[in-house]
Amino acid sequence: MTVQASNYVFSPATVQAGALVRLVFDANGLPGCSRTVTLPDYDITKTIVAGDETIEFTPSDAGPIAVACSMNMFTGTLMAE
């Protein structure tokens, strides 16, 4: 997962519904408020710091998964199939 302009960019951008997803961030590559990542549909909020750069969750259904920073200035969408 990287940040480009004001977007979270995922590689791969599609994940499997019902399977564990591990989002790995580079704490040094996250500017400002993009370090506090939220997945509102999964009630996840985490501040990414060096040594603790991973968010894990299991998407229950197929469809888009919204990702945003705490201030909603950085956004992205991960797709579950």
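Each reported figure results from applying straightforward, stated rules to the coordinates on display, with no laboratory input. These figures come from a predicted structure and were not determined experimentally. Cβ: placed from backbone, ideal geometry, glycine included. Neighbour counts: every protein chain shown.
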Hits in the range 13-68 - residues which are assigned to a helix (DSSP H, G or I) and either acidic (Asp, Glu) or surrounded by 14 or more Cβ atoms within 10 Å (Cβ to Cβ) (or both): Cys33, Ser34, Arg35, Asp41, Tyr42
Where Asp26 falls short, out of the listed (1) within 16 Å of Ser6 (Cα to Cα); (2) touching a Lys or Arg at 6+ places or on another chain (Cβ under 8 Å); (3) among the acidic types (Asp, Glu): (2)
Single unsatisfied condition, Ser70 versus (1) in contact (Cβ under 8 Å) with a residue 60 or more places away in the chain; (2) within 18 Å of Val3 (Cβ to Cβ): (1)
